[in-house]
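Take a look at the structure below.
The values are calculated or read from the model by the stated rules, or taken from the named source; none is laboratory data. No experiment lies behind these values; they were computed from the predicted model shown. Positions of Cβ are generated from backbone atoms using ideal geometry, with glycine treated the same way; all protein chains shown enter the neighbour counts.
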Amino acid sequence: MTKLLGDFDVVIVGAGIAGASLAFELASELRVLVLEQESQPGYHTTGRSAALFSEVYGNDTVRSLSRASRAFFDTPGAGFSEHSLLEPRGTLFFSAKSSLDRLQALQAELAPRATSLHWLEGDELRRFLPALRPQAAQAGLFEPGACDIDVHALHQGYLSGARRRGATVICNAEVEHAERTQCKWDLRSRAGDCSATVLVNAAGAWADRLAVLAGAPILDIAPLRRTALVFEDQQTWDSRHWPLTVDIEETIYFKPDAGRLLASPADQTPSSPCDAQPDEFDVAVLLDRLERLTFFQPKRITGRWAGLRTFTTDKTPVAGFDAGVPGFFWLAGQGGYGIQTAPALAILSAALILGRSMPESLLVQGASVQALSPQRFLQTSALDI
Ligand SMILES: Cc1cc2nc3c(=O)[nH]c(=O)nc-3n(C[C@H](O)[C@H](O)[C@H](O)COP(=O)(O)OP(=O)(O)OC[C@H]3O[C@@H](n4cnc5c(N)ncnc54)[C@H](O)[C@@H]3O)c2cc1C
């Protein structure tokens, strides 16, 4: 017999960082159910990130969401996490002589907001980051504000906080059917049936698939695979305090990771939604770039993985009600910034679902409901005609 899970104000599909953070923000005021298809929340992209918080990463809207998230990371509230969610890391962008103009352009772009940028060249750059080959790194731009995120603590803090506030989170509960009848959603999942006034699409790489299931238009949200690996190096560097280091063309990045080094070829290979696995070719590309651009001598690869970074066509997340399908709320397309922008996106989404105006803390950072709205894609297609 089919299990009945009950009637809820909001059912959130997906218990990654997006679904968990929104459940946390809504659960004090509404009856919230989170349904996750896997046995572990965070099994997909949330558990596979590089865990960086950087206010200079991404486009203007992403940057405004990151700035607006900072206060939550610094003071998430009593009982959220036993230790700090952020640890200082910094970011070093570097470039060869051939692309110095791009590094200079980045400096000019960031200067108005990032006041403590530091330009490095020659011996100063060598001392700062001795692993970079001189011919690959003519100059560097150091931005000290970036931090490592304790993603596990953030995600678990959201999930347990949401439960404490009354939300229900059910795993092994893939949503297989969604139908709107009489101002309600009737949902069928592997864990049982339920109904809800609002259905939230926080399904990550599966966002467009869930839209199809619910009869909503797809937004061409594209999952792109990215590979990462962790290695022990033969060199005896003390790399603990090195920044995340990335070339200006974004073909490689690396950062210290608990006594080892985490690196990625910054690949962006289109993929269908799936349990992404690292491809041997991408690993070989990364090892080749490490050899050409750095003095690293990887001794042993201790971990490798891939995850799907999911992008909208304008590389900006989508958060808002679908105009054509009542009660269908999008929270998707967070790309490579979904951890660092989760606090602001959750606060903004909760305000929209509760019918409230955008909190001042987001407005002052320049975040706008319009820039995130699903309607922007419909407007584009109308203009195209
Ligand atoms: C290599 C890599 C490095 C990254 N580095 C960073 C970084 O440094 N900083 C940063 O901020 N971001 C980073 N990101 C991006 C970040 O990880 C993502 O933006 C974020 O995790 C997206 O969260 P999500 O909750 O939307 O997706 P997910 O974590 O994938 O969650 C979506 C969930 O929905 C579930 N689901 C889907 N369909 C259904 C269904 N029908 N029924 C039930 N459940 C369903 C899935 O099982 C999944 O658990 C990185 C990503 C990768 C891959």
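With Gly14, Gly42, Gly79 as the choices, which residue is at positive phi and either at pLDDT below 95 or not assigned by TED's automatic domain parsing to the domain that holds Ala350 (or both)?
Answer to the check: Gly79.
How about the stretch 101-174: which strands (runs of 3 or more DSSP E) wholly inside it have at least 1 residues that are of a type in the set (S, T, N, Q) and within 16 Å of the ligand (Cβ to nearest atom)?
Strands (runs of 3 or more DSSP E) meeting the threshold: 168-170.
Looking only at the stretch 190-228, count how many residues are within 14 Å of the ligand (Cβ to nearest atom), under 26 Å from the mean Cα position of the chain (by Cα) and assigned to a strand (DSSP E or B).
10
Taking only the stretch 175-207 into account, find how many residues are touching a Pro at 6+ places or on another chain (Cβ under 6 Å) and surrounded by fewer than 14 Cβ atoms within 10 Å (Cβ to Cβ).
Of the residues in that region, 0 qualify.
Suppose we filter the stretch 249-269 for residues that are among the charged types (D, E, K, R), in a loop (DSSP other than H, G, I, E, B) and touching a residue at least 40 places away in the same chain (Cβ under 8 Å); how many remain?
Number satisfying all stated conditions: 2.
Taking the condition of being surrounded by fewer than 17 Cβ atoms within 10 Å (Cβ to Cβ), more than 27 Å from Leu129 (Cα to Cα), of a type outside the set (Asp, Glu) and touching a residue at least 24 places away in the same chain (Cβ under 8 Å), how many residues in the stretch 78-97 meet it?
Count: 2.
Show the residue pairs that are 6+ apart or on different chains and have beta-carbon atoms under 8 Å apart, the first residue being within the stretch 57-72 and buried (at least 20 other Cβ atoms within 10 Å of the Cβ), the second being of a type in the set (Ser, Thr, Tyr) and assigned to a helix (DSSP H, G or I).
What qualifies is Tyr57/Ser66; Tyr57/Tyr337; Gly58/Ser66; Gly58/Tyr337; Val62/Tyr337; Leu65/Tyr337; Ser66/Tyr337; Ala68/Ser361.
Show me the strands (runs of 3 or more DSSP E) found entirely inside the stretch 294-371 where at least 1 residues are farther than 30 Å from Glu179 by Cβ.
Once the strands (runs of 3 or more DSSP E) in the stretch 294-371 are filtered for at least 1 residues that are farther than 30 Å from Glu179 by Cβ, what remains is 298-311.
Which of the numbered conditions does Gln340 fail, given that it passes all the others? Conditions: (1) polar (S, T, N, Q); (2) within 15 Å of the ligand (Cβ to nearest atom); (3) closer than 30 Å to Thr236 by Cα.
The single condition Gln340 does not satisfy is (3).
Name the single residue, out of those in the stretch 142-161 being in contact with a Gly (Cβ under 9 Å, 6 or more places away or on another chain) and aliphatic (A, V, I, L, M), that is surrounded by the fewest Cβ atoms within 10 Å (Cβ to Cβ).
Per the stated criteria, the residue is Val151.
Only residues in the stretch 223-240 that are without any contact (Cβ under 8 Å) to a residue 24 or more places away in the chain count as the first member; pair them with residues that are in a strand (DSSP E or B) and within 16 Å of the ligand (Cβ to nearest atom), Cβ under 9 angstrom, at least 6 apart or cross-chain, and list the lot.
The qualifying pairs are Arg240/Pro256.
Considering Glu29, Glu36, which residue is among the acidic types (Asp, Glu), near the ligand (Cβ under 7 Å from one of its atoms) and either in the same structural domain as Gly204 (by TED's automatic domain parsing) or crowded, with 20+ Cβ neighbours inside 10 Å (or both)? Before the answer, list the steps.
On the way: Glu29 fails: near the ligand (Cβ under 7 Å from one of its atoms).
Result: Glu36 is the single residue among Glu29, Glu36 that is among the acidic types (Asp, Glu), near the ligand (Cβ under 7 Å from one of its atoms) and either in the same structural domain as Gly204 (by TED's automatic domain parsing) or crowded, with 20+ Cβ neighbours inside 10 Å (or both).
Restricting to the stretch 1-26, name every residue that is part of a loop (DSSP other than H, G, I, E, B) and surrounded by fewer than 24 Cβ atoms within 10 Å (Cβ to Cβ).
Matches in the stretch 1-26: Met1, Thr2, Lys3.
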